[in-house]
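Quick notes on the structure that follows.
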Amino acid sequence: MTGDERREAVLQVAIAEFARTGLHGTSTEKIAAGAGISHPYLFRLYRTKKALFLACLERCHERLHETFTRAAETAGEGDRLEAMGKAYVELLADREMLLLQLQGYAACDDDDVRATSSTGYAELWALVERLSGAPEEEVRAFFATGMLLNVAAAMELPQIAGEPGWALAHLRGRAQPAD
């Protein structure tokens, strides 16, 4: 394998491990073993455990950007925010990415993690604003609902996270009151 291929293999293992146990609870020995490399080689690829965690967070942000961009490009002019919402609801099934996002927020007591997380979130916000053309209050509701869905999906609350129809209605801002 090339160095780039090894880095990719490490990222895949690290995303799964960091999603489960976070920045401080994850063993770099376990990541190295899972990627089939030596522990010292892991630190040649990523200087520190935190650098590897930040690379995982950046990968998560990249995936969100790609997903929202693809959804907006395939939607009609007025349906872009809804298309991005549908695409996000589908991403909730990727439990590792979902939990990694939450682990990133939980580790924001670290300045570097906070900077990476806040930059990624702000860039995603700007992307959604630009691609959707929606007013600020709709974008705010979109992100607020997305966070609610993250938490509900992480806790496996089927009445919220497991019903895409409910989730999409809230993402559109047209939720119906419960009977």
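The values are calculated or read from the model by the stated rules, or taken from the named source; none is laboratory data. All values reported here derive from a predicted model rather than from experimental measurement. Cβ sites come from the backbone with ideal geometry, for glycine too, and all protein chains shown count toward neighbours. Accessible surface areas use protein heavy atoms only, side chains included; no ligands, DNA or RNA. Shrake-Rupley method; radii C 1.70, N 1.55, O 1.52, S 1.80 Å.
Data table
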| quantity | calculated |
| --- | --- |
| Asp4 - accessible surface, heavy atoms, 1.4 Å probe, Å² rounded to 10 | 120 Å² |
| Structure-based [θ]222 nm, the chain - -39500 (n - 2.57) summed over DSSP H runs of at least 4, per residue, nearest 500 | -25500 deg cm²/dmol |
| Unit Cα scatterers, Debye sum, region 6-88: log10 I(q)/I(0) for q = 0.17 Å⁻¹ | -0.67 |
| Packing-based ranking, highest mean first, of 7-16, 75-84, 21-30 given that Cβ atoms within 10 Å are counted | 7-16, 75-84, 21-30 |
| Peptides 90-102, 136-148, 53-65 ordered by average Cβ neighbours within 10 Å, highest first | 53-65, 90-102, 136-148 |
| Quarter of Cα convex hull surface for the chain, i.e. mean projection, nm² | 11.3 nm² |
| Contact order relative to length of the chain, as percent, for alpha carbon pairs under 8 angstrom and 6 or more apart | 22 percent |
